[in-house]
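The values are calculated or read from the model by the stated rules, or taken from the named source; none is laboratory data. The structure presented is a predicted model; accordingly, all values stated were derived computationally and were not measured. Note: ideal-geometry Cβ built from the backbone for every residue, glycine included; neighbour counts use all protein chains shown.
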Amino acid sequence: MNRSKVDNGNAARHPLISEFANDADMAELIEFFLSELDHRLQVLQAAWDTGNLEQVQSLSHQLKGAAGGYGFPSISEVAAELEHALAIHTPGSTLPRDRFESLMSQLRRAQAGAHHVD
């Protein structure tokens with residue numbers, strides 16, 4: 001199954017819009033955050049695919065702060081959950097794939113939401 005196609009379809013049906021979408025002072029900052037999401041998604045996916053959990057944890061930490069500051073608390077929350085799960089992860093234990101997939105889904109929803117505020 002082509003997972004990204006399924007996720008992108010769900011994202012389009014349920015876009016995520018910044019809480020600050022109607023704040024003219026935040027528009028440029030939100031636009032910049034959203035313009036960087038494609039790159040962040042690619043880097044995050046590559047780090048996960050190669051098992052670079054330190055990088056996934058670091059990127060999750062960055063997203064936790066940035067997303068919250070740009071009005072995306074649900075991304076911030078899921079990123080914090082993934083960061084924490086990786087911090088307590090021990091070799092041989094099950095990876096928190098559900099949290100990773102949830103973060104990726106939230107990021108795709110934010111990308112889809114960008115097209116709704118243009």
**Report entry** Where a residue in region 56-69 is free of Cβ contacts under 8 Å to residues at least 40 places away in the same chain and farther than 14 Å from His39 by Cα and its partner, wherever it lies, is not aliphatic (A, V, I, L, M) and not in a helix (DSSP H, G or I), with Cβ under 9 Å and at least six apart
**Finding:** Gln57/His89; Ala66/Glu36; Ala66/Phe72
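Quick grid of which residues meet (1) at pLDDT below 95; (2) small (Gly, Ala, Ser); (3) surrounded by 16 or more Cβ atoms within 10 Å (Cβ to Cβ); (4) out of contact with any strand residue (DSSP E or B) (no Cβ under 9 Å at 6 or more places or on another chain):
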{"position": "Asn22", "(1), (2), (3), (4)": "yes, no, no, yes"}
{"position": "His39", "(1), (2), (3), (4)": "no, no, no, yes"}
{"position": "Val43", "(1), (2), (3), (4)": "no, no, no, yes"}
{"position": "Ser58", "(1), (2), (3), (4)": "no, yes, no, yes"}
{"position": "His61", "(1), (2), (3), (4)": "no, no, yes, yes"}
{"position": "Thr94", "(1), (2), (3), (4)": "yes, no, no, yes"}
{"position": "Glu101", "(1), (2), (3), (4)": "no, no, no, yes"}
Query raised in the report: So Asn10 fits all but one of (1) in contact with a helix residue (DSSP H, G or I) (Cβ under 8 Å, 6 or more places away or on another chain); (2) at pLDDT 95 or above; (3) polar (S, T, N, Q); what number is the exception?
Result: (2)
Query raised in the report: Would a scan of region 90-108 turn up a residue that is small (Gly, Ala, Ser) and touching a Lys or Arg at 6+ places or on another chain (Cβ under 9 Å)?
Result: no
Report task. Inspect region 78-88 for any residue being within 30 Å of Phe20 (Cα to Cα), surrounded by fewer than 19 Cβ atoms within 10 Å (Cβ to Cβ), of a type in the set (Asp, Glu) and modelled with pLDDT of 95 or more and give the result as yes or no. Result -> yes
